[in-house]
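Working notes, structure below.
Laboratory data are not the source of any read-out in this text; all were calculated from the coordinates shown. Because the structure is predicted, anything quoted here is derived from the model rather than measured. Cβ atoms come from the backbone with ideal geometry, glycine included; neighbour counts cover every protein chain shown.
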Amino acid sequence: MSNAPAADLEPIGRPPLSAQRRAELGRRAQWLAGASVAYNAVEATVAIGAGAAASSIALVGFGLDSIVEMSSGLIILWQFRHPMPESRERQALRLIALSFFALAGYVTVESVRSLLGGPSAESSPVGIALAAVSLLVMPILSWAQRRTGRALGSTTVVADSKQTLLCTYLSGVLLAGLALNSALGWWWADPVVGLVVAGLAVREGREAWSGEACTCIPALDDPQGSGCGCDEEGCAA
């Protein structure tokens with residue numbers, strides 16, 4: 001696993017992690033992952049139901065994307081159930097990368113299908129409300145995940161925060177697409193922007209797979225983090 005510094009894990013000179021602080025951050029990472037899984041379960045149920053009622057590919061796709069998001073949170077929970085979470089870092093990172101690729105593949109397929117199929121969806125007030133709520137909730141959750149991941153020096157938690165951030169983008173795309181379709185009949189807006197989001201997902205998946213961000217965590221027998229230059233905000237240069 002690469003120990004090269006990355007922008008997402010820049011230190012600000014705080015003291016190195018203690019065992020107690022690391023355990024606290026690990027519990028926080030699990031709590032945030034659990035919150036993400038619970039929210040996405042509700043989001044998937046509402047989106048798929050509303051999408052089926054309105055014959056909206058975008059809404060059904062958004063619901064299935066929420067299931068992919070759930071998988072990322074479950075991976076974090078699996079990793080941090082281990083007494084030494086860092087030992088599962090590479091496996092967890094690869095699994096999250098695969099979830100990025102799955103997300104990109106599904107959004108691409110659904111976007112192309114929507115473009116080729118033409119307008120067919122009805123207006124969905126429930127879908128618009130759901131996208132608006134997600135657009136408010138997801139950035140806050142992503143910020144908390146990213147901050148926790150940086151403090152732990154964990155690329156998997158940071159990658160999970162990026163997965164959540166992509167959900168924010170998709171929420172914005174869905175909201176714009178549903179609103180434009182309802183108000184102006186611009187049915188093509190959603191799939192076009194969806195393809196852009198798919199490209200972002202592929203990029204993030206490649207970074208996660210190659211482990212470009214620093215993932216080192218100070219060992220208990222190396223309290224100064226000298227082995228890899230870690231502190232509470234991540235990895236030092």
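Overall form of the range 33-133: oblate. Here a/c, set by the Cα gyration tensor axes a ≥ b ≥ c, is 1.5 or more, and a/b is not larger than b/c. Multiplying the residue separation of residue 55 and residue 180 by 0.36 nm and subtracting their alpha-carbon distance yields 43.4 nm. Residue by residue, the range 180-192 carries 3J(HN,Hα) couplings of 5, 5, 5, 8, 10, x, 7, 5, 7, 4, 4, x, 5 Hz when phi is fed to the Karplus relation 6.51 cos²θ - 1.76 cosθ + 1.60 (θ = phi - 60°); x denotes Gly or Pro. Proximity of backbone amide H atoms, modeled 1.01 Å from N, is registered between residue 124 and no other residue at under 5 Å, excluding neighbours fewer than 5 places apart on the same chain. Length gained on full extension, residue 90 to residue 41, computed as 0.36 nm times the residue gap minus the Cα-Cα distance: 15.0 nm. With the simple model of a label 7 Å out from the Cα in the direction of the Cβ, residue 23 to residue 126 spans 4.6 nm.
Taken along the Cα-to-beta-carbon direction at a fixed 7 Å, the label points for residue 112 and residue 78 span 2.8 nm. Using the Cβ-Cβ distance between residue 140 and residue 188 with R0 set to 22 Å, the FRET efficiency works out to roughly 0.10.
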